[in-house]
Structure formats: structure tokens, C-alpha cells
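A.B. asks: Quick one: the structure is below, and I'll ask about it shortly.
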């Protein structure tokens, strides 16, 4: 589904990504871990097409299309969804209105008719249960005055409604207490299926207790320095990122004696 | 990836759909202003003697005044002798039946989306159509007359209800109030007149559509609305003009009078030609609008959506004379390209327990300059006056400006006056967020701006709220920063 080859990107002239290779197939959940500043969020933003990130080399192909040529909204319509680390507030615009406009934009791109107000409400009432939010939530302005947990749940609600083929969760666990984390993880898990891939970007192993990844990649200094299955996350938890930093490149096993 | 600067240039391109010219024979006075012109206008309108005297007094007073310089706007001095003060389609003796109206005029209004055939109109909206200096047609007059509501052009009101006009004209905005009001009082040509009798809730929305067509002509609209005791009326004005490289002057005066327990809701969707992307042409909209809450428990509410004009100078105000009276001002003012706006309100608390609310939303894009200027004045005797003011500015791009000039004069210690102001930008983060959810850049901007204006739009009559939203979209086609 997603194939990234030798991706280099810089921000204001400073190289951040220094050759990323990553293949994600439909139905898979990949976790990307790494210390602060390793380039995890940059990778998420480059895939989504955010301004200010210059791709200096490499290729990103998504379902046969050269993703880097597409504007942000087309990538979204093609099925890429980014759950933001810091969702923005949009005063005066109701959550419901944003969701409806977004869904209908994506449907239009796929050659489908707009959902009627009734159909849309029915859908939304269904989806909102996934994230255990009250309906009044829908009528509040987008993220305005939301707690950290509410913002993240709102991201998952949008994910549930827009049904992308690739969902990227950027530090969705940051700032969540354990209860909110479980709600978010349950929401995400219920959206896992054969057709959908997910990339879960996280600093901590904690989230991966609830969202079990098929593959785990560890980033350091703009590269994926280690890939493995879910046990890699547990090892990281045990040894910390210093372990990777000390032994970049080859570390296929924990250092002897630890 | 496109840089933000490119986006602005690409996107600041708006199309002004009402910029066409109607090719029609007009009778136009030669440019210039003197006593003879004032007399000629009055004579053309076959006005009663008192009106001519009133005009002449205003004219002589105007000669002693100088143009106000305090507004935060810049323009070349206006040559008042280069403007024609009267222009009307030929063979026109005031409004008549629709069959006699020149088809070109009907076509013009049709094109503007304002069909004048009653059966084609929005149900529940009566229209007075003013073309340059004259009213072309007022619809639903008979139906309104059934409940005693008078809705006609001010020229006709001077013929048919001279006493009412004499009693109220200039009672809120005196002829010598300011430079432009004095000029208007001397040369005003047409506008609407509304009288709602005691205890009547006007059964339809009333509206006036102002159209400037002739070149080098000023439009001097005069509107007078009187809501007698216990009555209610909602009134809306709209306006457009052709695209021309020259600036044209529109200097209107609107007076509202609300008696005891009466309510007037006055909404404006202003879409005068704003000039092109280089700042050439456009209307100078120098307007005096004021309402008097004469009686106890009366209420006047101004809502304005100002998207057009090269320069807007306008402060719809309320004199809260009656005890427990209420004044409201809801405004969205948008300046794009080289437009300039200096707009706001005056709330003058005179009676006891009076309350006023001011919600102002300024949006600046391109090189637009947008100033809120407001005065909240509480007089000695106005016990327990309350005011809440909120002025929010939204900036798009880095070449525009937003300015806030709130003035407060409080002479009674029991007053409660609150003022809040914010300035924000449409952030790249907001745009990225919306686009990542599948919205195009234009849709995202329009959604964010509409959200910003929500508190004002909800005050507009339903039919017009939709119009206003669309207008804002067109006016912003393009402004992203």
C-alpha cells in the first residue's frame, strides 16, 4: 500500500530525514518509535504533505500513486489520514460541520454523492459510540476548549468517520491518562481491518500494550535503525533509547549482560 | 510545495459578478454643485416647499464644513464639482406599474438576482429598487398597505405623506450633523420610507436594493424608518455597482425611529464595487446611519456585512433615549486587495437601564486596512447602563492591517462597560488541519472565516445569511496567508 524509498527531507535547510525505507501492506499496523528529535513526526508530516518540509530525495508511492506530487487534500481524499499530535482549534466551526464537509469532500473525490443530513447523522451517532463521546460534543467548535483527552478522542472519531486506507497516528498517546488511552486504543482497534493499514508513531511502549503492532521500527537521527516485531518495543522499554544510540546500525540483540 | 506567498498571489483574485453596466438613456445633471442644482433636484421631484428650504439650509451649512480627516483611510481629495448629483433613467415619473418599467431595468435586477415581479420573488420579502437617483419599483405595496404599513420611496412619501416626513426627517441625523450628512441632506435623491403603525408586526421583510449605474455620478440615498409604539419591522438593504476605474461617491443617510416597545432590525449586505487588485476604482461609501430608541423598552439592532467599497466610512449608531431600551451592533467588515474600512458604532446611553451590545468582526486580506472605531457614551442620568463590546480581527497574509479604536465616555458610576478585543491569523496549522481532512484550500478558508463571523451571521434574516456567506466566499476567493 505504502512504499517509501530512500526518503530525505529537510526543514529550513536542516536535514531531518536521512534515507527512510518503509513498506506498509494493507491490514498491517506498524509502530514507529524513537527518541525526541529522531524524525518520527517529520515522517508523518511529510507523508501527509505539510508545508515547510522539503523532500530532497527519495520516493513515496501510495496505492500506485506518486504521493509527493499530490496536494495535501488530494492525499487525504486518496485515503491518507493523520491523527494530529496537537489538533488545532477552529473557533465557530462545529465539529459536526467539519466532519460533514470533510466526509463529503472525500466522497466527491471518490465519485459518490453527498450524504444527506439524515444519513450523516445516523452514521455519526454510530461512530461516536466508538470513542465514548457525548453527542453534545458534536455541536461544540472544533477542539475549542477541549481537554487533551477530548482532542485525541475527536481525532479518532474523525478517523472512524472518514475511513481512510492509511491512518497515521502521531503521538496520539501523549498527554492521555490511562482511561483515555484505553478509549482511544479501543477505538483504533475496532477500526483495524484487512483493507486498512496504520502507522502508529509513539515515544512510549505503553500505547503498544493496547494497540498491538505487526511491526516495530525504531528511528534515530533521521533513519530507521532497527525493525522487528512487537517484542522490539518491549526491549526498548527495558533498555531505553540509549541502547539504540550506543549501537546504531547493527543492534539485532540487546548488548550482552543486560 | 507552494510557498505561502505564492498562495496569496494566486488566491487573491476575486471576481465581482455585479460589475456590468446597463445601457439605458439617462437624464443626468451636469457635474457640479451649487444652489441651482439643489433647486433643480427638488423641482424634479416636485417636492413641497418645506423640503426645498430644508435642502438649501443643509447646502449652505455644508459649505461651511470641511471633510472629516480623522478616519484611518487614505484617498485623493474628492472634487465635489466634478460629480453629477442626479441621474435617472429617462421618461420616468416615479414608480409605476411593472409593465411600464423599462425592460432593461427589469433585466438588470433579474441579473442581480432581484426579480421585481412579485410572483418570482422570495415569498415574504418586499423590495424597493433604487437605480441611480430614483426608485424604479416597490413591490408588495398594496399588500403591506392592508395592515397599514407604508413602504415606498422617499420621493413618493414626500408627495403622499409629507407630514410624516416633515415630522421625522432630520430628527435623528440633523441636516448639519457632519460633512457627508449635510451634503446628503442638500442633494439626496431617493431611498426608502417605512412607517409601521402602532401594534403592527410588519408581515414581510422589507428591503431596498441600491444600484449605481451612471458614470461620474454620486448616489445620495436617504432612508427613513419609523416604528410606532409596539410595532416590529425587519429591513434589509443590498447594493452593487458597475466596475469602473474611477471612484464613485455614495453618501447615504439612514434614520431609524423606534417608539415605545417598538423594535427595528436593520441589516445591510454591502457589496459595492471594491475596486480592482491594483486599487483602481471602487465606491467611496461614506454613510451616516443612526437610530433613536425614543420610547421605553424599544430596541434597535444593526447588522452589517460589509464586503464591498474601496473605502467604507460608516458608524451605525443608537441613541438609547427611552428607559430600558436596547441597542445592538453586529458587524462583519472585510477588506481585501486595497480596500479600506473605518467602521464601528456609537451607543449613547441616555435613558435608565439601557443596554447595548457591540460585536465587530474585521477581516483583512491582501493590502486591506480595517479599523473598528466605536464610542460607548453613558450620560449622567443614565443609571444602570450596560455595554458589552467585542472586537475581533482576523488577518490573512502579512500585508494587511487591523486597527481598533474603542472610545468610552462614562459619566454615571453605576454603568457597567466591558470591552474585549482579539486579533488572530488564519494559521497554517488550521489550514493544514482542514486540508488533511480533505477540504480544498478555498473551502478551508471559507469555513474558518465563516466560523469567525458566526456570531454576526446568526443575526441576519435566514435568506440573507446564506447570501452573506456566499458573498464572503467570493470576496475572499483567494486570500490565504
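A.B. asks: What number results when the radius of gyration of the stretch B:362-431, computed over Cα atoms, is divided by 2.2 N^0.38 Å?
C.D. replies: It is 1.45.
A.B. asks: Let me ask something else about it. When a footprinting reagent is the concern and you count Cβ atoms within 10 Å, what order do B:373, A:223, A:140 take, fewest first?
C.D. replies: Ordered by Cβ neighbours within 10 Å, fewest first: A:140, A:223, B:373.
A.B. asks: Based solely on its DSSP helices, what 222 nm [θ] is calculated for chain A when runs of n ≥ 4 H residues each add -39,500 (n - 2.57) and the sum is averaged over all residues, nearest 500 deg cm²/dmol?
C.D. replies: Counting only the DSSP helices, I get -10500 deg cm²/dmol.
A.B. asks: Provide the FRET efficiency to the nearest 0.05 for the residue B:104-residue B:216 pair, computing r from the beta carbons and using R0 = 22 Å.
C.D. replies: Calculated value: 0.60.
A.B. asks: For the stretch B:124-195, how big is Rg over Rh, using alpha carbon atoms and the Kirkwood form of Rh?
C.D. replies: With Rh from the inverse mean 1/r over Cα pairs, Rg/Rh is 1.00.
A.B. asks: Then there's this: Sort all Cα-Cα distances of the stretch A:104-241 into consecutive 5 angstrom bins from zero, then give the percent of pairs in each bin up to the one containing the longest distance.
C.D. replies: All Cα pairs considered, the percentages come to 2, 9, 17, 19, 18, 14, 9, 6, 4, 1, 0.
A.B. asks: Tell me the label-point distance for the pair residue A:132, residue A:231, using the 7 Å Cα-to-Cβ offset, in nm and rounded to one decimal.
C.D. replies: About 3.3 nm separates the two model spin labels.
A.B. asks: Here's another thing I want to ask about it. For the stretch B:303-368, compute Rg over Rh where Rg is the Cα radius of gyration and Rh is the Kirkwood radius from the inverse mean 1/r over Cα pairs.
C.D. replies: Expressed as Rg/Rh, it is 1.11.
A.B. asks: Regarding the stretch B:240-327, what is the average projected area of its C-alpha convex hull, in nm²?
C.D. replies: Its average projected convex-hull area is 5.2 nm².
A.B. asks: Scattering from the C-alpha atoms of the stretch B:256-391 alone, worked out with Debye: what is log10 I(q)/I(0) at q = 0.10, 0.11, 0.12, 0.22 1/Å?
C.D. replies: -0.34, -0.40, -0.47, -1.13
A.B. asks: Plugging the Kirkwood radius over Cα pairs into Stokes-Einstein for the stretch A:90-174, at a temperature of 10 °C and a viscosity of 1.306 mPa s, what D comes out in µm²/s?
C.D. replies: Approximately 118 µm²/s, per Stokes-Einstein.
A.B. asks: Output the direction-averaged projected area (hull surface divided by four) of the convex hull of the alpha-carbon atoms of chain B, in nm².
C.D. replies: 21.7
A.B. asks: While we're here: Round to the nearest 10 and give me the degree value, 0 to 90, for the angle of helix A:230-239's Cα axis relative to the longest principal axis of chain A.
C.D. replies: The helix A:230-239 is inclined about 60 degrees to chain A.
A.B. asks: Across 5 Å bins from 0, what is the distribution of all Cα-Cα pair distances for chain A, in whole percents?
C.D. replies: Per 5 Å bin, starting at zero, the Cα-Cα P(r) for chain A comes out as 1, 6, 13, 17, 19, 17, 13, 8, 4, 2, 1, 0, 0 percent.
A.B. asks: Shifting gears a bit: Can you divide the C-alpha Rg of the stretch B:370-481 by 2.2 N^0.38 Å and report the result to two decimal places?
C.D. replies: After normalising by residue count via 2.2 N^0.38 Å, the value is 1.36.
A.B. asks: Let me ask something else about it. Can you pull the Kirkwood radius for the stretch B:180-226, inverse mean 1/r over Cα pairs, to one decimal in Å?
C.D. replies: 12.8
A.B. asks: Follow-up question, since we're still on this one. What are the extents of the Cα atoms of the stretch A:71-138 along their three principal axes, in Å, largest first?
C.D. replies: 33, 31, 24
A.B. asks: Which order do the peptides A:224-233, B:258-267, B:333-342, A:93-102 take when ranked by the mean count of other beta-carbon atoms within 10 Å per residue, highest first?
C.D. replies: Answer by packing, highest mean first, reads B:333-342, B:258-267, A:93-102, A:224-233.
A.B. asks: Next question, about the same structure. Which value at 222 nm does chain B reach when only helices count, each DSSP H run of 4 or more adding -39,500 (n - 2.57), with the total divided by all residues and rounded to the nearest 500 deg cm²/dmol?
C.D. replies: -7000 deg cm²/dmol
A.B. asks: Highest mean first, what order results for A:55-64, B:312-321 on Cβ atoms within 10 Å?
C.D. replies: Ranked from most to least packed, the peptides come out as B:312-321, A:55-64.
A.B. asks: Using a 10 Å cut-off around each Cβ of peptide B:442-455, what is the average number of partner chain Cβ atoms that fall inside?
C.D. replies: 4
A.B. asks: Ok, one more. How tilted is helix A:148-162 with respect to the longest principal axis of chain A? Cα atoms for both, answer in degrees (0 to 90, nearest 10).
C.D. replies: Value to nearest ten degrees: 70.
A.B. asks: With no solvent and one point on each alpha carbon, what is the Debye value of log10 I(q)/I(0) for the protein assembly as shown at q = 0.09, 0.10 Å⁻¹?
C.D. replies: Results for the protein assembly as shown at q = 0.09, 0.10 Å⁻¹ read -0.85, -0.97.
Each reported figure results from applying straightforward, stated rules to the coordinates on display, with no laboratory input. Computed from a predicted model, the values in this text were never measured in an experiment. Neighbour counts are summed over all protein chains in view; Cβ atoms, including those assigned to glycine, are modelled from backbone coordinates with ideal geometry.
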